[in-house]
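No lab work stands behind these numbers, since they all come straight from the coordinates. Remember, predicted model here, so these are calculated numbers, not experimental data. Every residue, glycine among them, receives a Cβ derived from its backbone with ideal geometry; neighbour counts consider all protein chains shown.
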């Protein structure tokens, strides 16, 4: 019941923000998710680094707004500046020299994993048909998840990657990709006629596979950190990273497909 109530509240907020909010308001919503997601990551990976967690969350949220500067060079500059700033922070707040390299590696991973990849949603929003593409991503991820779950429950016999996610099956994964194709075709024949059948097929498979990879990657992190969920902010759904794990990997895939291949 909690899962349903959370979805009924969260989904309309996201949809209305995409449809009516404009690029800046969408970035603000994404910045909030990034802030929470960064804090979740630090709480899992570096629970003793409270100061760094809040600073990383704030910097990660601000990182989302870099595309509005109109200067791509700032992306590289921001990455370099953030890395050096946090290197200095860890250097002078070191607690255990044996764990120093591991902690710096986790901090670096957090920035590339969450704000850097999610920033591609802002870039995608600014492209022609950006709003439609955001909904295509949502459809692919949602239909992929649902189809994978029901197909795996009914026909799952062969484990996909038991070391990381014991319940996922190859059959479920393939069913998820079929669901993704159904999602893109739904988009093609309802709100996104500029999406050709070739685009629908390619994006469904490409983004669908990377979405599943994002799910597995977050499962890998959680198993490594010994936690079941990344957080508890969404009752019945877990944390922000639990909800965005597929979208985090799907975002750059969709953006670069649009930039290099989409002709609509």
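Taking other C-beta atoms within 10 Å as the exposure proxy, 54, 133 rank 54, 133 from fewest upward. What label, among (i) 24; (ii) 28; (iii) 47, belongs to percent of Cα pairs over 32 Å apart computed from the structure on display? The value matching this structure is (i).
Rounded to the nearest 10 degrees, the inclination of helix 240-260 to the longest alpha-carbon principal axis of the chain is 70 degrees. Taking 0.36 nm per residue of sequence separation and removing the Cα-Cα distance, the residue 194/residue 167 pair yields an extension gain of 6.0 nm. Among 61, 101, 253, the residue with the largest mean-square fluctuation in a Gaussian network model of the chain, with springs joining Cα atoms closer than 10 Å, is 101.
Provide the FRET efficiency to the nearest 0.05 for the residue 58-residue 142 pair, computing r from the beta carbons and using R0 = 45 Å.
Values: r = 30 Å, r/R0 = 0.67.
Working from the Cβ atoms, E equals 0.90.
Between helix 100-111 and the chain there is an angle of about 40 degrees, using the helix long axis and the longest principal axis of the Cα atoms. Relative to the longest principal axis of the Cα atoms of the chain, the long axis of helix 50-63 lies at roughly 50 degrees. Each Cα pair under 8 Å and six or more residues apart adds its sequence gap; the mean of these over the residue count of the chain is a relative contact order of 21 percent.
Working out 0.36 nm times the residue gap between residue 159 and residue 83, then minus their Cα-Cα distance, what length gain in nm do you get to one decimal? Don't skip to the end; give the middle numbers.
On the way: separation 76, 0.36 × 76 = 27.36 nm, distance 3.84 nm.
Net length gain for the segment: 23.5 nm.
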